[in-house]
Structure formats: structure tokens, C-alpha cells
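The block underneath contains the structure these notes are about, expressed in C-alpha cells.
Read the figures in this text as sums done on the coordinates, not as results from a lab. These numbers were taken from a predicted model, which means no experiment stands behind them. Ideal geometry is used to build each Cβ from the backbone, glycine not excepted, and the neighbour counts take in all protein chains shown.
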Amino acid sequence: MSIITKRGDSGETDLLFSRRIKKTSQRVAAMGAMDELNAALGLARVCGISANLTPILDRLQDRLVAAMGMIATLPEDIEKYTYAKITAEDVSWIEGTAHTWESRDIRTHGWARPGAAGALAAAHLDMARTIARRAERECRILDEAGGAVDPHLLLFCNRISDLLWILARVDENDNAL
């Protein structure tokens, strides 16, 4: 089967459980922002990131796949959704990971300026951080419009940008020119 299905030519795309939705919908905007975040984390992973940060990015990417699955499920189908979900444990993991890394002596010189330290992966983490903020906004807009976004997923989205800011500073300290 080809990746080119032509099913999207009419301006609609597939969700889970054989549902179709307009590509211009808020749900698709939220999924797209999460997908961009996942890709941005992938760039950070291959740009010489500190080896001790790779498992964190791997776990974040894994959880983003779960988040996208949740968003790709309409509220009326949520009881059918039995795949991986974002949970309170995921939110706690992000918080704990952030607290662990921020307890290090992270050196900053005023307002963080992405790329100024010369650490390529850190600059990619900063880009991912900005995408995470947009993904959170898109999910909040969807929820406020009646899209019923899981509260744990909303908290998870909120915490990702904080964690990525810290990880970018850690990588800058570890890999600065």
C-alpha cells in the first residue's frame, strides 16, 4: 500500500476509529503541533546532545505519540481508546526530571539566547520548547472549544516547555564551544 492514498485531497484527514475531520480543524492543529514537537526533539537527539539527555528525549517522544493518539480520538470515541495515554505519572515524571536537572549548577547569563552558547542541540531544544508552548496553546484552544482534552494531557503539555528550557541550559553547559 502506498503512502499516497489521495484520501486527503478533499481537505479531510483520518482520525482513529474511522473518523474523518477537516484538515483545518482545531483538533488537527493540535495534533500537528505535537507532531512538530516530536520532530524537533528528533533533531535535538541527532545534533550531538549530551548522552545523558538522550533517554529523556526518547521518553518524551514516546509519550508524545500517546498524546497524539489521545488527540486523534473524538470525545464520543474516547471509551474505545485503549492505547497508551498520558497519565498523572507522566506529569510527575516530567516534574521530577526537571527538578533533578535544575538542582545542578546551571549557568545562565541573563535571559537565555538560543544558540548564543554555540551548542547546536541546545538550540534545537529551545526550538522544541517554543513548539511545545504552541502545542499547549493548540490543545487548550481545542479543549475550550469543547474538544474534551484530557486534563493530564494539558498538564503534560504545560510541563514540557519548562523541562526543555532546563535541558537546553544543561546541554549548553555540557557542550558549549
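The single condition from (1) under 19 Å from residue 148 (Cβ atoms); (2) aliphatic (A, V, I, L, M); (3) part of a helix (DSSP H, G or I) that residue 39 fails is (1).
Yes/no matrix, rows are residues, columns are (1) surrounded by fewer than 21 Cβ atoms within 10 Å (Cβ to Cβ); (2) assigned to a helix (DSSP H, G or I); (3) touching a Pro at 6+ places or on another chain (Cβ under 6 Å):
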| site | (1), (2), (3) |
| --- | --- |
| 126 | no, yes, yes |
| 133 | yes, yes, no |
| 137 | yes, yes, no |
| 169 | no, yes, no |
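One residue stands out among those in the stretch 66-84 that are assigned to a loop (DSSP other than H, G, I, E, B) and farther than 18 Å from residue 28 by Cα: the one that is farthest from the chain's Cα centre (by Cα), which is 82.
Does at least one position in the stretch 68-87 carry a residue that is hydrophobic (A, V, I, L, M, F, W, C), without any contact (Cβ under 8 Å) to a residue 40 or more places away in the chain and over 23 Å from residue 121 (Cβ atoms)? Outline the logic, then answer.
Residues of the stretch 68-87 hydrophobic (A, V, I, L, M, F, W, C): 68, 70-72, 74, 78, 84, 86.
Subset that is without any contact (Cβ under 8 Å) to a residue 40 or more places away in the chain: 68, 84.
Adding the requirement that they be over 23 Å from residue 121 (Cβ atoms) leaves 68, 84.
So far as the stretch 68-87 goes, yes, one or more of its residues are hydrophobic (A, V, I, L, M, F, W, C), without any contact (Cβ under 8 Å) to a residue 40 or more places away in the chain and over 23 Å from residue 121 (Cβ atoms).
Are any of the residues in the stretch 34-41 within 16 Å of residue 138 (Cβ to Cβ) and touching an Asp or Glu at 6+ places or on another chain (Cβ under 9 Å)? Scanning the stretch 34-41, I find at least one residue that is within 16 Å of residue 138 (Cβ to Cβ) and touching an Asp or Glu at 6+ places or on another chain (Cβ under 9 Å), so the answer is yes. Cβ-Cβ contacts under 6 Å between residues 6 or more apart (or on different chains), taken from a first residue in the stretch 25-38 that is without any contact (Cβ under 8 Å) to a residue 60 or more places away in the chain and hydrophobic (A, V, I, L, M, F, W, C) to a second residue that is in a helix (DSSP H, G or I) and surrounded by fewer than 24 Cβ atoms within 10 Å (Cβ to Cβ), are listed as 31/68.
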